[in-house]
1. How do the pairs read when you match residues in segment 186-200 that are farther than 14 Å from Glu176 by Cα and in contact (Cβ under 8 Å) with a residue 24 or more places away in the chain with residues anywhere that are among the charged types (D, E, K, R) and loosely packed, with under 12 Cβ neighbours inside 10 Å, using Cβ under 7 Å and keeping only pairs 6 or more apart or on different chains?
2. Just checking: which of the helices (runs of 4 or more DSSP H) contained wholly in segment 69-167 hold 2 or more residues that are among the charged types (D, E, K, R) and more than 30 Å from Ala22 (Cα to Cα)?
3. Among the listed residues Ala169, Ala133, identify the single one that is touching a strand residue (DSSP E or B) at 6+ places or on another chain (Cβ under 9 Å) and not hydroxyl-bearing (Ser, Thr, Tyr).
4. Would you check which residues across segment 31-59 are touching a Pro at 6+ places or on another chain (Cβ under 7 Å), assigned to a strand (DSSP E or B) and under 19 Å from Pro11 (Cα atoms) and list them?
5. What's the total number of residues in segment 14-44 that are out of contact with any Asp or Glu (no Cβ under 9 Å at 6 or more places or on another chain), in contact (Cβ under 8 Å) with a residue 24 or more places away in the chain and polar (S, T, N, Q)?
6. Under 9 Å by Cβ, and 6 or more places apart or on different chains, what pairs join a residue from segment 45-67 that is under 18 Å from Ala99 (Cα atoms) with one that is in a loop (DSSP other than H, G, I, E, B) and among the hydroxyl-bearing types (Ser, Thr, Tyr)?
Amino acid sequence: MTRHTRTIVKPDIVVSPAQAQAIVDRLCAGQTVAQISKLQGGAIGAIYEIRLKDGAPSLILKVYPESLHWKMQKEVNVCALLSGRLSVAVPRVLLADDAKSVIGLNFVLMSKLDGVVLRGLEPTLVATDLFAAYSQMGEVLRQIHRISMPSFGYIGPNGVWTAHARNRAYMSCQFEMKLTEFVKRGGDPALGARLTAAVVERTG
């Protein structure tokens, strides 16, 4: 069996203070960059916090890999779709750039939301607090799922890709595609067949 090596797509890029300043200047001339630091997180994008002098709110810079450059426009569209529809704050996209003139890759500059990453807090929380946090996440997911879309399918840079009239049709297509890919990428064919049979058995 051939073992598939996972392709790393997240850009391993160092954004210099001068580049960060050039980006900030395009948004608000007169603001001075105090520090830029790389943040954890992001499945495919490299994420940075840009701290400004004189107490100005920090900004978030997200940089997208060339192989998935279109994800930038998708993020812009999804943020616009969520804005004003949730009980929690949604980051505002302040600048979106696909010219690749500053750092050679697509990027967005966003407002920074206050808060800390839950993963780091989890070991310190009692069970009731942890339950409350995940309940809040569930409520936000409920609100997101209530947003109507013209069809079922994967959201791309300009709306829904591979549109389907029903969610069952979309999910069936996804199962077929991913299980086929599982074997092509070196997964055990017998396991793939068992998974496929399980999906077919439970289709109803």
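Derivation of every value follows stated rules applied to the coordinates shown; laboratory data play no part. Keep in mind that this is a model prediction, so the values were computed, not measured. For neighbour counting, all protein chains shown are included, and Cβ atoms are generated from backbone atoms with ideal geometry for every residue, glycine included.
1. Cβ pairs passing all conditions: Gly186/Arg3.
2. Output list reads 127-145.
3. It is Ala169.
4. Ile36, Ala46
5. Residues that pass the stated criteria total 2.
6. Gly45/Tyr64; Ala46/Tyr64; Ser67/Thr7
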